[in-house]
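For reference, the structure is listed below as structure tokens.
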Amino acid sequence: MTEQLDSATSVKLQLSNGKTIPALGLGTIPPDDNPGSVKDQVITAIKEGYRHLDTAWYYGSEKYIGEALKELFDEGVVKREDLFITTKVWPSFWHNPEKSLNTSLKDLGLDYVDLFLQHWPITLHGDENGQPATPKKDDGSLIYDDDPANGTKYIETYHKMEDILDKTDKVKSIGISNYSIKKLEQFLPEVRKYKPVVNQIELHPQLPQQDLVDYCESRGIVIVAYSPVGGPGAPVLEIPLINELAKKYMVTPNEIAEAYHILNNRGVLSRSANLSRIKTITRLPKLSKEELKALYQVGVDNPKRYNCVPYGFGIGFRWWTGDLYSTDIGVMKPHFETV
Ligand SMILES: NC(=O)c1ccc[n+]([C@@H]2O[C@H](COP(=O)([O-])OP(=O)(O)OC[C@H]3O[C@@H](n4cnc5c(N)ncnc54)[C@H](OP(=O)(O)O)[C@@H]3O)[C@@H](O)[C@H]2O)c1
């Protein structure tokens, strides 16, 4: 007889401030061709048992999430306090995270978010409304307000987020995203009152980064993994071991990719525009320690990062294709221009 599997949606992780975060979250980057479809993705996920939604001002999906939440609340499917909702301040809004947060809350139709993250530890040259979100020169390179490799202005954003937590009821917890060890070492001694509870980063069996994971864990910062299957096309699911384990445990390969994090006490964010897929990625197979280690070893042998976007240049991550500062090639020389 098949053993009844636990549901990944019911696992909660402890945060350093005494609160908890549901381990499995629904990612809400919208599909380019149909951003409004995020509304149905959220409704489907919540009805399926998801209690954690991950969004950001930058994604442009918050108003659709707001429509979904209104319907779910009106129908009595869930109450606000049943959900854990994360949003983020984008680097072009670095100078005014409260204004960014207010925009997000208005679109979401909420009074507060459970977690407010700094999206990247960099500062882009946006106006008072964070526009343009991706300021670029004619040659396509980003326009920064500070050197992304060695500047420290990005820390001012976090100080303002600490003030929001201190002085308002608009956020329950604050945290960070896309912080490397290099940035954490520069930033953590500057935290005034509230340590970040979460660092949201790309992580999956092809991208080991155990040093960063250990660094965060030893400082009480919970890792939340994004792109668990490597993003569009799900390249991580081509790993033969993932498929072997999926067969063994009679689950989908996605559920193996999620279990890799949840069983290691990390959060994980999955996204799908396919409503039936959203429903089939919530079981939690009980992988053994040896199997978890074997999954980790895949990336040690052949590391691969999928989100090599330019915002990550200079931050100090390894295996960041195109980043002259990527520490795997040992080159760290400041040459970014700011305005
Ligand atoms: N903090 C940050 O900087 C950051 C960066 C990236 C992402 N995130 C967050 O993390 C969430 C998840 O990241 P992600 O969107 O990169 O994640 P992902 O879950 O790794 O990738 C989702 C993509 O994989 C496809 N996919 C999933 N399972 C598949 C399967 N079995 N076969 C074929 N295709 C499959 C989906 O296609 P279908 O739609 O067809 O299912 C979708 O295009 C985001 O939505 C966002 O909330 C945060």
Query raised in the report: Gap in Å between the Cα centre of the range 115-163 and the Cα centre of the range 186-205?
Result: 17 Å
Report summary line: A correct Karplus calculation of ³J(HN,Hα) over the range 89-102, with 6.51 cos²θ - 1.76 cosθ + 1.60, θ = phi - 60°, whole Hz and x for Gly and Pro, returns 9, 7, x, 6, 10, 4, 7, 8, x, 5, 5, 4, 4, 4
Query raised in the report: Relative contact order for the range 6-312: what is it in percent, counting Cα pairs under 8 Å that are at least 6 residues apart?
Result: 19 percent
Query raised in the report: About its Cα centre, how strong a charge dipole does the range 75-178 have in debye, to the nearest 20, once Lys and Arg get +1 and Asp and Glu get -1 at the Cβ?
Result: 120 debye
**Report entry** Listed residue (LEU24, ILE143, LEU101) projecting farthest to the positive dipole end of the range 6-312, Cβ model
**Finding:** LEU24
Query raised in the report: Assigning unit charges at the beta carbon (Lys, Arg +1; Asp, Glu -1) and nothing else, what dipole magnitude in debye, to the nearest 20, does the chain show about its Cα centre?
Result: 620 debye
Query - Footprinting exposure proxy for CYS308, CYS216 (fewest neighbouring C-beta atoms within 10 Å first) - result: CYS308, CYS216
Query raised in the report: In which sequence would ASP301, ASP114, ASP163, ASP82 go, from the one with the fewest C-beta neighbours within 10 Å to the one with the most?
Result: ASP301, ASP82, ASP163, ASP114
Query - Listed residue pairs exceeding 27 Å between alpha carbons, taken from LYS193/LYS293; LYS47/LYS183; LYS39/LYS279; LYS167/LYS195; LYS19/LYS160 - result: LYS193/LYS293; LYS47/LYS183
Query raised in the report: By how many nm would the segment from LYS193 to THR280 lengthen if fully extended, with 0.36 nm per residue of separation less the alpha-carbon distance?
Result: 27.2 nm
Report summary line: In the neighbourhood of LYS63 defined by beta carbon distances under 11 Å, the net charge of the other residues (Lys, Arg +1; Asp, Glu -1) is 0
Requested in this report: Provide the per-residue ³J(HN,Hα) series for the range 69-75, in order, calculated from phi with Karplus coefficients 6.51, -1.76, 1.60 and θ = phi - 60°, each as a whole number of Hz, with x at glycine and proline positions.
Outcome: 5, 4, 4, 5, 5, 4, 7
Query - Check: the range 97-248 dipole with +1 on Lys, Arg Cβ and -1 on Asp, Glu Cβ, in debye - result: 340 debye
Query raised in the report: With a 10 Å Cβ neighbour count serving as the proxy for reagent exposure, in which order, fewest first, do LEU117, LEU269 appear?
Result: LEU269, LEU117
Query raised in the report: Considering only PHE313, TYR260, TYR179, whose Cα is most displaced toward the positive end of the charge dipole of the chain, charges sitting on Cβ of Lys, Arg (+1) and Asp, Glu (-1)?
Result: TYR260
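Throughout, read-outs are computed from the coordinates displayed, never taken from laboratory work. Computed from a predicted structure; not experimentally measured. All Cβ positions, glycine included, derive from the backbone under ideal geometry; neighbour counts span all protein chains shown.
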